[in-house]
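No lab work stands behind these numbers, since they all come straight from the coordinates. These figures come from a predicted structure and were not determined experimentally. Counting neighbours? That spans all protein chains shown, and the Cβs are built from the backbone with ideal geometry, glycine included.
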Amino acid sequence: MDFKQMVGEQIRKIRKLRGMTQERLAEQSGLSFSYISDVERGTRNISLESLGKIIQALGVKPAQLFEDIDEIMEHSDNGEIQNKLEDLITLLGERQIEEVDFVLTVAREFLNTIDRKNR
């Protein structure tokens, strides 16, 4: 895996960990959806300016982009978030897939509403 692919893969992992779509990351970073997609696949040579926008939109420190995802979760208040995510996994673990899908849909809509409100 080359460096562009490694950076793109980390961006994708962090984005998904944050529950963001590529569209939402593009919107929050001011970059196009196709640019984000190309970066995540490692087919685009990203500029430092664009990388900074993506890092800011993801809400991580620049150094965290090069850390293991588990280490990112251990830093700052993300450890508390990890604990709550584990509680959620336990809560939803024995539910039907349709119920889990419903909870995900409601959560995404709720977060999108908050994001729109905060603009």
Next item on the list: Return the sequence-ordered ³J(HN,Hα) values of the range 86-91 in whole Hz as given by the Karplus equation 6.51 cos²θ - 1.76 cosθ + 1.60 applied to θ = phi - 60°, using x for Gly and Pro.
Entry: 5, 4, 5, 4, 4, 4
Item checked: Label-point gap, in nm, between Lys13 and Asp115 - each point 7 angstrom along Cα→Cβ -> 2.2
Check: For the chain, what is the relative contact order in percent, using Cα pairs closer than 8 Å and at least 6 residues apart in sequence?
Finding: 23
Notebook entry, point to check: What is the count of Lys pairs in the chain whose alpha carbons sit under 19 Å apart, if the two are 8 or more places apart or on different chains?
Noted result: 11
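Decide, for the range 78-118, between rounded, prolate and oblate: order the square roots of the alpha carbon gyration tensor eigenvalues as a ≥ b ≥ c, take rounded if a/c falls under 1.5, and otherwise choose prolate if a/b is larger than b/c, else oblate.
Here the range 78-118 falls in the oblate category.
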Margin query: Placing one identical point scatterer on every Cα of the chain and ignoring solvent, what is log10 I(q)/I(0) from the Debye formula at q = 0.11, 0.18, 0.23 Å⁻¹?
Written below: -0.42, -1.04, -1.35
Checklist line | On Cα atoms only, tilt of 97-117 relative to the major axis of the chain in degrees | finding: 60
